[in-house]
Amino acid sequence: MSAVAEKVAGKKVCAVNSEPPVEREQLPMEVMFEIERHLIREARLLDEERIRYWYENYLTEDIVYSMPINVSRYRREQTRPLPGTNPGAGAFMDNYELIGMRITRLETGLVWMEDPQNAIRRFLTNIDAEYLEDGSGDVIAYSNFTVYRNRRQRDQTITYGQKVDLLRKVDGKWRCYNRTIHMDQRVILDKNVYFFL
Amino acid sequence: MKDVSALIQENGAVQDRSIYWDDDIYLLEQERIFARAWLFLTHESQIPLPGDFIATRMGEDEVIVTRHTDGSLKAFLNSCSHRGNQICYSEMGNSKSFTCAYHGWSFGTDGKLINVPLENETYYNNIDKNRFDLRQVAQIDSYRGLIFATFDPTAPPLMDFLGDMAWYMDAFMDVPGGTELLGPPMKSILDCNWKVPVENFIGDGYHVGWAHAAALDAIQSPLTSMKGNAPGYEPKTSGIQVATEGGHGMGIIWDAAAALHVNPAYGEWINYRTEMVREKRGEWGAKLYNGHWDASIFPNCSFLYGTNTFKHWQPAGPRSIEVFTWTLVEKEMPEELKQYLSVMNMMTFGTAGMLETDDGENMEGCTGTNKGWVTRQGKVYSGMGQINEGPHDELPGIVSDGIVCETSYRGFYRAWADMMSGKSWEEMSRGGSRRSIKEVA
């Protein structure tokens, strides 16, 4: 064995995820069904541009809506703190008020790039949901998404990623109070991501 | 290729459209601008410790920027001197060395070749390792934390290159404790020529009211009065635009640093700081510190002071750029304020930003139409404000009255034409009248 190979073989490397998944209480079939249909209905309403309705009926007022940046670092450094002050950064770091402001902008009719209307289609898949381990009865829901956007004549993008939602039941209806959107891109390849998921 | 000397006309007010499209002009830019000018790399706050590094680009050249073990700054090509493979694929981190994934050659944090696997067994110790150090930049330096480098050993020192631009920027860069960039940078793509966002940031006060009408309406801030460029808005008294020597420049809206903010905390900070700035830099210093700036540092770095976005537009072919976005803050600001400014920067000028999305669309449009051969034979125009600009009694550069004009567009394109001519640094007029900083202070 060469010196280099020995060196590599002797070192504890962080190559793949060795952590077991969190053990959580499973949802009964009817709740699982509710969650799935809830997420799918939500995607349809957004596709239909019913954004104000979505804002008022699908989110809680304490929502944290984020799309963090995934820094592309060597595995050995993935958990190392970033240099300097690092409040984190992301395309979205929104609270309820900021989401509302983004929607107000769209409602002004002065967003030239949204006229003519652009097509946007959300596809949700791999929905998995469990009760949160804190005993609150809240649900953590994972889903993978594909977003297809078609703009102008031939401007077209397809983006993939994952949503992780925390949902709570308010007056008998599920609402999201925490949504983390993981885009599977370090460099956002679409010209913008000014849309909701 | 077209005659380079004819691409910019009328003292910078007319641009040939081919400069936003043609491959050969783009390649010449790589040689005559990006291989010669001082280029922004990162902020010292991003690589504070020995061994810290970031990977970025200078033009289209991949580079690694490090804090060497002796504390000095280094930058060198991120390409192995053996067979050329890219060495480092991590965008940032801390490392004692960089090892190529192909054959395992490894290099120090100063780019020196330190290890060749099987050196004895294969080269029989007959390899002069000094020959294979990674190519260094010719000069590297920092201005109040902002790190720049150039591949041109004949380039003037960084402070000469920045010239009067640094005098202006001192108003907010030279604060107690200094500044920092909050990372990690957002990275995104726009399919536009790299010069389009540079010109937008350097001096486009004209588009603000119209292109961003919806955002100004939604944010409900002091700038909302600009919405729709409606009558009643008086651009003439609103601020100034400046073209400084070397193609840098800015537009400043007076008393508007905190104008795009909904949270009063930032305005309070500005008020608190202003007295210190006034004491140190006088009335103009205080006025500059309180203004909202749109600015570009030649060739491809821009910022908005007040909105606190800091942009690096990296060329990726003639019709595409990669955009790096950081948040620029003062180090001594309270943590909650930094956090808030970071959120609002992304809210306004991130890739999902309420204003950035308006701009991105226009920048792509200004590039894409030039695909037409006939279109490309035409010109575009930045002639606004030529009759109300000139040397200023107290400020350096060419100064216009009013934020809405294209004075600094012209300064940028004069400098661009100068560099594209291939002249030596001594021969370049570099685009502006210059008063000495001493004369001003």
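The values are calculated or read from the model by the stated rules, or taken from the named source; none is laboratory data. Because the structure is predicted, anything quoted here is derived from the model rather than measured. Cβ: placed from backbone, ideal geometry, glycine included. Neighbour counts: every protein chain shown. Just so you know, the surface numbers come from the protein's heavy atoms only, side chains and all, with ligands and any DNA or RNA stripped out. Shrake-Rupley method; radii C 1.70, N 1.55, O 1.52, S 1.80 Å.
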> In degrees, nearest 10, range 0 to 90: what is the angle between the Cα axis of helix B:407-420 and the longest Cα principal axis of chain B?
Replying inline: 30
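Roughly how crowded by other chains is peptide A:100-107, in terms of the mean Cβ count from those chains within 10 Å of each of its Cβ atoms? It would help to have the intermediate numbers written out before the result.
Details: counts 1, 7, 6, 1, 7, 12, 3, 3.
So the per-residue partner count for this stretch is 5.
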>> Please report the net charge: other residues with Cβ closer than 9 Å to the Cβ of residue B:92, K and R +1, D and E -1.
In response: -2
>> Whole angstrom only: what separates the Cα centroid of region A:124-197 from the Cα centroid of region B:83-153?
In response: 41
> Which of B:81, B:66, B:109 sits farthest toward the positive end of the charge dipole of region B:39-141, with +1 on the Cβ of Lys and Arg and -1 on the Cβ of Asp and Glu?
Replying inline: B:81
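Enter the mean projected area of the convex hull around the alpha-carbon atoms of chain B, in nm², rounded to one decimal. Can you show the working numbers first?
Details: hull surface 88.3 nm².
Its Cα hull, projected and averaged over all orientations, spans 22.1 nm².
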>> Is there a quick way to get the dipole size of chain B? I mean about its Cα centre, with the Cβ of Lys and Arg at +1 and of Asp and Glu at -1; what is the value in debye to the nearest 20?
In response: 460
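May I ask you to derive the relative contact order of region B:39-141, considering only C-alpha pairs under 8 Å and at least 6 residues apart, and to give it as an integer percent? Let's see the in-between values first.
Working: 195 pairs, mean separation 23.3, N = 103.
It rounds to 23 percent for region B:39-141.
From the C-alpha gyration tensor of region B:39-141, pull out the three semi-axes of the equivalent ellipsoid (sqrt of 5λ each), sorted largest to smallest, in whole Å. Before the final figure, lay out each step's value.
Details: eigenvalues 119, 36, 29 Å².
Three semi-axes, in Å: 24, 13, 12.
Within region B:100-199, report the chymotrypsin sites (Phe, Trp or Tyr not before Pro) that DSSP leaves as loop and that have at most 15 other Cβ atoms within 10 Å. Display every interim value, and only then the final one.
On the way: sites: B:102, B:105, B:107, B:123, B:124, B:132, B:143, B:148, B:151, B:161, B:167, B:168, B:172, B:194; in loops: B:102, B:105, B:124, B:151, B:194.
Within region B:100-199, the qualifying chymotrypsin sites (Phe, Trp or Tyr not before Pro) (loop, at most 15 other Cβ atoms within 10 Å) are B:102, B:124.
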>> In whole Hz and in residue order, list the ³J(HN,Hα) couplings for region A:123-137 that follow from phi through the Karplus curve 6.51 cos²θ - 1.76 cosθ + 1.60, θ = phi - 60°; x for Gly and Pro.
In response: 10, 10, 8, 6, 5, 9, 9, 9, 6, 4, 6, 8, x, 7, x
> Counting only complete DSSP H runs, which helices of chain A cover 24 Å or more along their long axis at the Cα atoms and score a mean Kyte-Doolittle of -0.5 or above?
Replying inline: A:29-47
>> With θ taken as phi - 60° and the coefficients 6.51, -1.76 and 1.60, list the Karplus ³J(HN,Hα) couplings across region A:109-116 in order, rounded to whole Hz; mark glycine and proline as x.
In response: x, 9, 8, 4, 6, 9, 9, x
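DSSP loop GluC sites (Glu not before Pro) in region B:311-415 with at most 16 other Cβ atoms within 10 Å of their Cβ, which ones? Could the numbers behind the result be given before it?
Details: sites: B:322, B:330, B:332, B:335, B:336, B:356, B:361, B:364, B:389, B:394, B:406; in loops: B:332, B:394, B:406.
Answer in residue order: B:332, B:394.
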> Taking a label point 7 Å from the Cα of residue B:160 along the Cα→Cβ vector, which residues of region B:1-41 have an amide N closer than 20 Å to it?
Replying inline: B:32-40
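Near residue B:357, within a Cβ-to-Cβ distance under 12 Å, what is the net charge of the other residues, with Lys and Arg +1 and Asp and Glu -1?
-3
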> What angle, in degrees between 0 and 90 and rounded to the nearest 10, separates the Cα long axis of helix B:335-349 from the longest principal axis of the Cα atoms of chain B?
Replying inline: 80
>> Charges at C-beta only: +1 for Lys and Arg, -1 for Asp and Glu. How large is the resulting dipole of region B:39-141 about its Cα centre, in Debye rounded to 20?
In response: 140
> What's the angle, to the nearest 10 degrees (0 to 90), between helix B:264-290's Cα axis and the longest principal axis of chain B?
Replying inline: 90
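Please give the FRET efficiency for residue A:62 paired with residue B:89, using the beta carbon to beta carbon distance and R0 = 45 Å, rounded to the nearest 0.05. It would help to have the intermediate numbers written out before the result.
Working: r = 39 Å, r/R0 = 0.87.
That pair, residue A:62 with residue B:89, gives E of 0.70.
Magnitude of the Cβ-charge dipole of chain A, K/R +1 and D/E -1, about the Cα centre, nearest 20 debye?
1020
Need one number: convex hull volume per residue for the protein assembly as shown, Cα atoms only, in Å³. Intermediate values should be presented prior to the final figure.
Values: hull volume 114.1 nm³, N = 638.
Considering the Cα atoms of the protein assembly as shown, their hull volume per residue is 179 Å³.
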> Using a cut-off of 16 Å between alpha-carbon atoms, which aspartates and glutamates can reach residue B:236, once sequence neighbours fewer than 8 places away in the same chain are excluded?
Replying inline: B:204, B:255, B:389, B:401, B:406
> By a straight-distance test (C-alpha under 18 Å), which lysines pair with residue B:371 as possible cross-link partners, with residues fewer than eight away in the same chain excluded?
Replying inline: B:2, B:195, B:379
> Using alpha-carbon positions, what is the distance between the centroids of region B:161-239 and region B:282-356, in Å?
Replying inline: 8
> Along each of its three principal axes, how wide is the spread of alpha-carbon positions in region B:127-268, in whole angstrom units, largest first?
Replying inline: 72, 39, 31
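Quick one, what does Rg over Rh come out to for region B:233-308 if you take C-alpha atoms and the Kirkwood Rh? Each step should come with its number before you reach the end.
Numbers: Rg = 13.0 Å, Rh = 13.2 Å.
That ratio is 0.99, to two decimals.
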>> Running a GNM on chain B with Cα contacts under 10 Å, which residue among B:138, B:258, B:166 ends up with the highest mean-square fluctuation?
In response: B:138
> Under 16 Å from the Cα of residue B:280, which aspartates and glutamates turn up, not counting those fewer than eight places away in the same chain?
Replying inline: B:170, B:174
> Of all trypsin sites (Lys or Arg not before Pro) in region B:50-116, which ones are in loop regions per DSSP and have a Cβ with at most 12 other Cβ atoms within 10 Å?
Replying inline: B:83, B:96
> What spacing in nm lies between the two simple spin-label points modelled at residue A:117 and residue B:125, each 7 Å away from Cα in the Cβ direction?
Replying inline: 7.8
> With each label point set 7 Å from Cα along the Cα-Cβ vector, what nm distance links residue A:103 and residue A:160?
Replying inline: 3.1
>> Could you compute how much accessible surface residue B:118 exposes when probed at 1.4 Å, giving the result in Å² to the nearest 10?
In response: 100
> For chain A, what is the convex hull volume of the alpha-carbon atoms per residue, in Å³?
Replying inline: 184
> Within chain A, what's the longest stretch lacking GluC sites (Glu not before Pro) that sit in DSSP loops with no more than 16 other Cβ atoms inside 10 Å?
Replying inline: A:50-132
>> Give the list, by residue number, of cysteines in chain B with no other Cys Cβ closer than 4.7 Å, or say none.
In response: B:88, B:192, B:301, B:366, B:405
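Using only alpha carbon pairs under 8 Å that are at least six residues apart, calculate the relative contact order of region B:99-200 and give it in whole percent. Mind dumping the intermediate values first?
Values: 74 pairs, mean separation 14.7, N = 102.
Contact order relative to length: 14 percent.
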> Got a sec? Charge dipole of region B:39-141, +1 on Cβ for Lys and Arg, -1 for Asp and Glu; which of B:98, B:55, B:132 is way out at the positive end?
Replying inline: B:132
